[in-house]
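The values are calculated or read from the model by the stated rules, or taken from the named source; none is laboratory data. Here the structure is a predicted model, which is why all the values come from computation and not from measurement. Every residue, glycine among them, receives a Cβ derived from its backbone with ideal geometry; neighbour counts consider all protein chains shown. The area values use the complete protein model at the heavy-atom level, side chains included, leaving out ligands, DNA and RNA. Shrake-Rupley method; radii C 1.70, N 1.55, O 1.52, S 1.80 Å.
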Amino acid sequence: FEVHRVRFFGLVPAGVRCLACQPRGGRLALARTDGAVEVYNFAANYFQEKVIPGHEARTVEALCWAAGERLFGAGLGGDITEYDLARLCVARSVDGCGGPIWSMAANSSGTQLAIGCEDGSVKLFQVVPGGIQFERNLDRRKGRILCLSWNPSDTHIAAGSIDILRVFDVSSGRTIQRIMVNYHVQKLKRECIVWSIAFLSSGAVVTSDSFGRVQFWDWERGTLLESHTVSTSAVLSLAVSEKEDSIIVGTSTGATYQFQLLPVKMGSLEKRWVRTKPFQHHTHDVRAVAHSSTALISGGLDAQLVIRPLMEKMQKKGYEAALRKFTFPHRRLVSCARKARLLLFQFSQHLELWRLGSTEETGKDGEVLPLCRMPEHLVQLKSKGPEHIYCSSVSPCGSWVAYSTASRFHLYRVQYEGDSVSVEKVPKVPKLLLPAYQLQFSSDSDSLFVASARGSVHVLQLLEPGGCKHLHTFQPPSGSPEAVYLLASSADGHWLAAVGGDWAIHIYNLKCFQHHCMVPMYSCAVTALAIHPVTNNLVIAYSDQQLFEFSIPQKQYTTWSRTVQNCGLHKVWLERDSPITHITFNPKNPSHILLHDIYMFCVLDKSLPLPDNSALLMNQSTLKQLPETARQRQLHAFKICKKFQPLLFADLLDENCLVMVERPIMDIKTQLPPPIQQKKFGT
Amino acid sequence: VSDQKPLGCWSVKHGQIITCPVVCNFETHEYIAVHDDKVLRIWKNKDINLDKVFKATLSADVYRIHSLPNGGPVVLFKGGGVRTLDVLLEAPQQEIENVISDEVIKWSEAFMEGQQPVLIFATEKDGDFFVYVQKLKMNSLHKYKLEQQELSKPLSFTAYMKNQIITLLCLCSNDSVYKVLIPLQQNTEEEERILFKSLLLNLSVSGSVLKGTSFVVLDKDHVAVLGSLAVSGEEPKECLTIWNTKFQTLQTSKELPLGTSGQLWCYEEKFFFTHGKVLTVMMYKCETSSLAAAVGKLKDSQTPDVSSFVNWNTLGDEELVVSFQSQQSVALKSESRMTLRSKRNTVAKVQPDTVSVGQLLLNLKDASTTVFEDELRQLMSKAQTPDFQATIGCVITALVKRCKADPKYYPRNFLLQIVQTRDLSYSLCPDLMAIALEKKDVHLLQTCLQRFPDIPEEITYACLKVFLSISEAYLQRIDVNLESVICYIDMEFNNKEVKTEIVENGFNAELEQDIWDTKITKETHLMADGEFCPVGPQKAALLNAVLHSAYSETFLLPHLKNLPAQQAVLFLRYLYYLYVKCSEKINTALPGIRSPTINQIMDWMCLLLDAQFTVMVMLPEAKELLSNLHKFVRAQVRFYSELNKIEGSLRELQRLNHQKDSQTYSIEVLELI
């Protein structure tokens, strides 16, 4: 293959601001510093299930789950926002009336929300169907409330502020205890910021502060029970496990520490909090931590989400027990115009269109070919307004670019005349149900498919020179509340596959605008799908790393897919920790399926035997050393290349030309603000 | 406690004095105080004013109240009378008997023995000390007299109860802690008996004496003493100390410069004492004391191929069955043992059971040597038993014993065979190497050095000395394992026969001979000090075994100092030779099995120079060797510094390469097979 190795996609993922584990649920909500909210599903191998793009004016300082499945966020804008997880947008927003909101916590039953505001007030809101209702104010004192925690029986709230922590009685609203946290450091005139707080059922209040201490207080007596200095810099975040036997804290040096409640001696009843495990997975502030039942989760300003399973909770080594780091979204942010050799990069508020370079040389494996034309930055499209971009796409011919934000849909006609490029906005786009979650052009660039809420897909016909017309809207026959998040259309323009948030795959016939069939339900999230240009087989990748091939004309799984299911995939394949994000095909070689995730690119050759568990899955380097004759025996279906990492996008331009979009982690790090300077030995 | 806040505070009226420590009744969560000797006050946490709480005036003076975890408070009167609080409160004005006439109570303590409270208190009268033990339920009182001692009198007491015996410890004015055992089970109502003291601990460390004021027992081996440490000529310093009574050592101490009240309490592994004006709480931890932990000699295992002590592979299937069944039930286990035993009985006629190995050896004690050896061989050949290791140990010990007893007897081959085939260790048969040293059985010593993981440095040194002192001529006749040297020592210098043996691999020996000869002639011209082997191959092999053995420098160095000068020079010469040999190769490793590594050579060289430095300097024949060595080392250092430079520039080059790699766009060729 001739590989266009692209590293000029200047994506800088936003830092993780806060995390919230769904109580007793399998989901993790994450908010980024740009206001985007993401939902990860533990059951689906921590797949990034839902993304709600951010908004310029809407930062999220705190997230919490309440009343079961409802997700609330609050931020410095002063609003409490409820998110619609089916339509992936803001459902409603209520002003907190207390200035910027720094913290929010839901009580254990999820019926009340408490917010901590800039003006020092703690306000209670009642969670009612269809919204929240202001209930009352608790005793107000000066000083912003940076963190809040309910005690497990919902009778008290502990609030951390600057230099002080207070405990409120919920029923009376009074402050019943004030504890000065800087009591013993009079010498230092610095203020001590209580960054995070947790109320334990034993009556202890745990705080983490800017002096690097994790302290345990007896709130009734106001005395210090234990104090652990974990860091010379601030301890920013803290989370307690549901059983209250383990605590994770995150510091501004990027280190996280686990505390465990352990018996002093074997068999002794007296237990003590002991700092047990230090981890250094981040380079920057760890602003958010969460403690699921089996894992420590931390998110830092370096945009990484790190999930560190607790080995003692693991039965066996396997997929579940692997440490995983997520830096990049599990979605495509890149789209490729194959014929025109263009790449469209999606940023949070603008798009960039690039033309790839070219070469006239050929070479052997591993060689770098001299360029005869450099890549060219053609257009930068800035999105107007505060809303961030949901999705974008470029048509295969390269003359259409479309993107959508929460409330608006834009279509542009791009014309190339020699070296100059002109961009023209298509006027009068049809009013659609917005936002669009995925945009897909048909392979002949004649129509555009818009994935929309309630399981619907709109078909727009593109007209020359720069116009479009709404043709049809597909709806799943049984209806669905969830938005469609993935689309795939066939090369012959006959079929369209759409996946909704309920993971159901519907296939529509484009010729007669009819629902064709539904792929049998599978219990995991779909991470990528594509329709084969020749056979019209739908290839589906699930978040548990399973692969299926479904024949659309025959409405059933293909024999190859059944073989795969019978033999099982290779263990190493199943233990990979990042989902397949894109599937494509080689039209000249129908047995090839090209797939990739963040760490590898794979050509799946259906004509070759599947590897069994004893075989080496990553065998390219050994194969290259073998003579031609010996190779035949070693060949198997998975041809994996790990040369390009982290891989955001890979596509086939033509028969033997690939494009790989990488985003080296180092490049991101150089764009981040410098971390707290730490003296390292020898530097 | 860093954050001290009173949780509650109560005070008596002006003029009243609280006369004994306030206790808490754990069952009712009430506090009990006595003021003005006779007035009892009982209150709860929520009471604020002490004047308004329950009050009872008693008929006699109270010495102390003891609160027991599940027995209720017990009141001890100054006259020695004892009442439980419940009894007392029923009739506060009841008559309290005087038990001790004009003795004065010095100390008291209460325990629970089963369900009944036991009170123990000590009294003094005219320098005599008495101990009373009172069982409340049985209403029995025993009086003991403490053994009188010259010039010392008890200052402070503490006691604990274990297995129906009260152990009373008393800290005496002669800075010692004594132990007194008082049995609780005493049926005869005898007259006062004398209790004898035994010295438990002497509170003195290297000249300074600890003047203890109070002390507590931590566990069966540790006591903590609070007192002032008086070093002659200095101000006494107050400190808290923990002592190990088993080894009579001071475990740890902490200075308390602000002074204390001389009182020390201990609950739940925490010390409580006042230090200056604050109450200090200190956690402590006493590890079970063992000599191993106290001395802590750990062998650094330099030889990676040390043999394990238990070879699991030798465990037969039978044993696996046994261990499997033992998990299931004890009964089954014993059953299978029995079948096992019967099986073995059929296999071997003479004393097959492992249990009776010792007995067998005893029987053989007087047998003739041949019979003895045969029996032992037989024993070993079939010994695929779980405690095989122990059996081997017994066998070896028996053999060694016999060797000692009979100077003429020395089963050279048999011993060698055992050492070579079995996984032994030095500690299993400590006398074996001593015997071998005595007999100068170098092959056995070599094998031992190679196979034993735990040879003491003293023995290692003894081996080295023997190896160095033994004459080459003697060694020529002896069979030594040469595998560590054959690859790098040119044998033909010493032994043509050996050489032909080496090149027998299908070479034409004569042709080879020619090549070798020319080489030799060439080499002899170049031959400097470091280029020919100063010792014969046998000796070299033996020395290699020493180089390979594990040792720790601190223990070896004193022995090495005793090495005679000539031998030291010879050894250094050999080390130098090895060093030069090593440096010839790019990977600085000598070929062959068990040949010494460069690190071992360097370590020994440093060690030897350290130990024998003065001797070396003085010795005229060492002068040239040392200067050669110095030259060579200097050349090496120079060479390596050059290498360093090259490495630096290469690294820079690689960095440049890497930078080139991180361009933003490139077209590359990828081939997937």
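Quick notes on this one:
- Across segment A:193-200, rounded Karplus estimates of 3J(HN,Hα) from the backbone phi angles (6.51 cos²θ - 1.76 cosθ + 1.60, θ = phi - 60°) give 9, 7, 7, 8, 8, 8, 9, 8 Hz, Gly and Pro being marked x.
- Computed over segment A:475-540, the convex hull of the alpha-carbon atoms projects to a mean area of 4.2 nm².
- Listed residues A:R454, A:R70 arranged by accessible area, highest first, probe 1.4 Å: A:R454, A:R70
- Around the amide H of A:Q177, modelled in the peptide plane, lie the amide H atoms of A:V167, all under 5 Å away and 5 or more residues distant in sequence or on another chain.
- For A:S153 and B:D126, the FRET efficiency from 1/(1 + (r/R0)^6), where r spans their Cβ atoms and R0 equals 56 Å, is about 0.30.
- Calculated FRET efficiency, B:D431 to A:M266, Cβ-Cβ distance, R0 = 25 Å: about 0.05 to the nearest 0.05.
- DSSP-assigned coil residues among chymotrypsin sites (Phe, Trp or Tyr not before Pro) in segment B:454-483, each with at most 15 further Cβ atoms within 10 Å: none
- Our summary gives segment A:96-229 a relative contact order of 15 percent, counting only alpha carbon pairs under 8 angstrom and 6 or more residues apart.
- Rg/Rg_ref, segment A:96-229, where Rg_ref = 2.2 N^0.38 Å and atoms are Cα: 1.02
- Two-site FRET efficiency, B:D454 against B:T597, from Cβ-Cβ distance with R₀ of 22 Å, rounded to 0.05: 0.60
- Per residue of A:3-16, other chain Cβ atoms within 10 Å of the residue Cβ number 2 on average.
- With the cut-off at under 12 Å, measuring from each backbone N in segment A:54-77 to a point 7 Å along the Cα-to-Cβ line of A:T111 picks out A:67.
- In a DSSP loop and with at most 13 other Cβ atoms within 10 Å, there are no trypsin sites (Lys or Arg not before Pro) in segment B:139-172.
- Between segment B:242-284 and segment A:573-590, the Cα center-to-center distance that results, in Å: 68
- Where the Cα pairs of segment A:502-615 fall when distances are cut into 10 Å bins, in %: 13, 46, 34, 6, 1
- Accessible-area value, A:L486, 1.4 Å probe, nucleic acids and ligands omitted, Å²: 30
- Computed [θ] at 222 nm, helices only, for chain A once each DSSP H run of length n ≥ 4 contributes -39500 (n - 2.57): -1000 deg cm²/dmol
- Rounded to whole Å, the principal axis extents of the Cα atoms in chain A read 77, 61, 49, largest first.
- Approximate spin-label separation B:T370-A:E417, in nm, with each point projected 7 Å along Cα-to-Cβ: 11.9
- For A:R144, the amide hydrogen comes within under 5 Å of the amide hydrogens of A:I162, counting only partners 5 or more places away or on other chains and with H modelled in the peptide plane.
- Ranking A:R331, A:R24, A:R92 from most to least accessible surface, computed with a 1.4 Å probe over the protein chains only, gives A:R24, A:R92, A:R331.
- Pair A:L616, B:I48: separation of 7 Å Cα→Cβ label points (nm): 8.3
- Kirkwood hydrodynamic radius computed over segment A:443-518 comes to 12.4 Å, based on all pairs of distinct alpha carbons.
- Virtual spin-label span in nm between B:Y284 and A:S172, 7 Å along Cα→Cβ: 4.4
- Remark: segment A:96-229 carries a charge dipole of roughly 420 debye about the Cα centre, counting +1 on each Lys and Arg Cβ and -1 on each Asp and Glu Cβ.
- Qualifying trypsin sites (Lys or Arg not before Pro) in segment A:361-403, DSSP loop, other Cβ atoms within 10 Å at most 13: A:K364, A:K384
- Derived scalar couplings ³J(HN,Hα) [segment B:129-141; Karplus, 6.51 cos²θ - 1.76 cosθ + 1.60; whole Hz; x for Gly, Pro]: 10, 10, 10, 10, 10, 10, 9, 5, 5, 7, 6, 10, 10
- Along its first, second and third principal axes, ordered by size, segment B:11-99 spans 37, 33, 21 Å in Cα coordinates.
- Backbone HN-Hα couplings from phi across segment A:221-235 [Karplus 6.51/-1.76/1.60, Hz, Gly and Pro as x]: 8, x, 9, 7, 8, 8, 9, 10, 8, 9, 7, 7, 10, 5, 9
- Across chain A, the mean sequence separation of Cα contacts (distance under 8 Å, 6 or more residues apart), normalised by length, yields a relative contact order of 8 percent.
- Rounded Å value of the spacing that divides the Cα centres of segment B:124-180 and segment B:4-64: 29
- A:G77 long-range amide H proximity, modeled H, under 5 Å: A:T59, A:I101
- Difference of contour (0.36 nm per residue) and Cα-Cα distance, B:K211 to B:N163: 14.1 nm
- Relative contact order for segment B:11-99: 22 percent, from Cα pairs under 8 Å spaced at least 6 residues apart, divided by residue count.
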